[in-house]
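The values are calculated or read from the model by the stated rules, or taken from the named source; none is laboratory data. Being a predicted model, the structure only gives us computed values, none of them experimental. Cβ: placed from backbone, ideal geometry, glycine included. Neighbour counts: every protein chain shown. These area figures cover heavy atoms from the full protein model, side chains too; ligands, DNA and RNA do not enter into them. Shrake-Rupley method; radii C 1.70, N 1.55, O 1.52, S 1.80 Å.
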Amino acid sequence: MGIKAYEPVQGYFVHDDPSQLPLPAVPPRFGLKDDSEDRWAKLLGDIRKLNENAPEGTSYKFFLLSRHGQGYHNVAEAKYGTIAWDDYWAKLDGDGEIIWGPDPKLTPVGIEQAHAVRAGWITESQFGIPAPHKRYCSPLTRALHTCDTMFDGVYEKYEQRVFVMEHCREENGVHTCDKRNTRTHIGSSFPDFAIEDSLTEHDELWHATIRETKPEVADRARKVLNYIFDHDREHTFISITAHGGWITGFLTAVGSQPFVVPTGGNNFS
């Protein structure tokens, strides 16, 4: 299929302006600059025109990237500081007070953050933002729970079930919080989600002593992009619920300037 090249279309969202950063986790209108009542219809209309006028081999999609809400590992990193966390604590499952590995759950704050994103969806649905044509999610529990919560009951019907994809997981290895649960556990905990066929029963990618590099995460994000542009050609509006490190990798892959998305935060690209 050849090597694909990606680049962002900028100017629609405040995220594109470094002077506006950092933004709230859920900025007004999800960061869309246009505050008119038909803002989402105009945006999607612009994307439709771009695709209609695109040269052969070029297509445009609208991505909503959501970071999971606060997990217990986030609490632990804040407790010990990032240096101590990376050097020592992240390699353990807990400290006697907090359990953060493997595959930590959302904290009560994280669940509230997911509900705040849901409230944003409810608000913007009144101004015409449709349900995403396709929803992707990391296989880690904190992302799955966030995705499940933020779309719950917002729309009467979704075109597709949430699709759980291994390559959407967080920067992998060494940190026990980034070791995923079994396929069986994911399926029983989130029975309404579809899981890709290639996702193995046990986590065969996590390594206790080897941590993925930032370029390797960007390469994984690029593989997700390649998959979407190859298999979801008819779908324009794509949602991906993932992680801070993975979102940085995605932004790198499409040529955007990476920035920190807070837990429970959103970014459009």
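Of the residues making up segment 182-197, those that are loosely packed, with under 14 Cβ neighbours inside 10 Å and within 18 Å of residue 135 (Cα to Cα) are 189, 191, 192, 197. Among residues of segment 8-26 that are over 11 Å from residue 261 (Cβ atoms), those with a Cβ under 6 angstrom from a residue that is buried (at least 17 other Cβ atoms within 10 Å of the Cβ) and among the charged types (D, E, K, R), sequence gap 6+ or separate chain, pair up as 10/16.
With respect to residue 54, is the statement that it is among the small types (Gly, Ala, Ser), surrounded by fewer than 18 Cβ atoms within 10 Å (Cβ to Cβ), over 25 Å from residue 222 (Cβ atoms) and over 18 Å from the mean Cα position of the chain (by Cα) true? No.
Residue pairs whose Cβ atoms lie under 6 Å apart, separated by 6 or more positions or on different chains, with the first residue in segment 231-249 and without any contact (Cβ under 8 Å) to a residue 40 or more places away in the chain and the second assigned to a loop (DSSP other than H, G, I, E, B) and surrounded by fewer than 21 Cβ atoms within 10 Å (Cβ to Cβ), are 248/258.
Residue 216 fulfils the conditions (1) out of contact with any helix residue (DSSP H, G or I) (no Cβ under 8 Å at 6 or more places or on another chain); (2) within 15 Å of residue 134 (Cβ to Cβ); (3) not aromatic (Phe, Trp, Tyr) except for a single criterion, (2). Quick check on segment 165-179. Is at least one of its residues out of contact with any Cys (no Cβ under 9 Å at 6 or more places or on another chain) and among the hydrophobic types (A, V, I, L, M, F, W, C)? Checking segment 165-179: at least one residue is out of contact with any Cys (no Cβ under 9 Å at 6 or more places or on another chain) and among the hydrophobic types (A, V, I, L, M, F, W, C). Applying the selection to segment 164-180, what residues are open to solvent by 50 Å² or more (accessible area, probe 1.4 Å) and closer than 26 Å to residue 87 by Cβ? Within segment 164-180, 179 is the sole residue that qualifies. The set of residues from segment 9-46 being small (Gly, Ala, Ser) and open to solvent by 40 Å² or more (accessible area, probe 1.4 Å) comprises 11, 19, 41.
Sort out which residues of segment 87-101 are touching a residue at least 24 places away in the same chain (Cβ under 8 Å) and open to solvent by less than 70 Å² (accessible area, probe 1.4 Å), and write them in order of number. Within segment 87-101, 90, 92, 98, 100, 101 qualify. Answer yes or no as to whether residue 228 is open to solvent by less than 40 Å² (accessible area, probe 1.4 Å), touching a residue at least 60 places away in the same chain (Cβ under 8 Å) and under 13 Å from the mean Cα position of the chain (by Cα). It is false that residue 228 is open to solvent by less than 40 Å² (accessible area, probe 1.4 Å), touching a residue at least 60 places away in the same chain (Cβ under 8 Å) and under 13 Å from the mean Cα position of the chain (by Cα).
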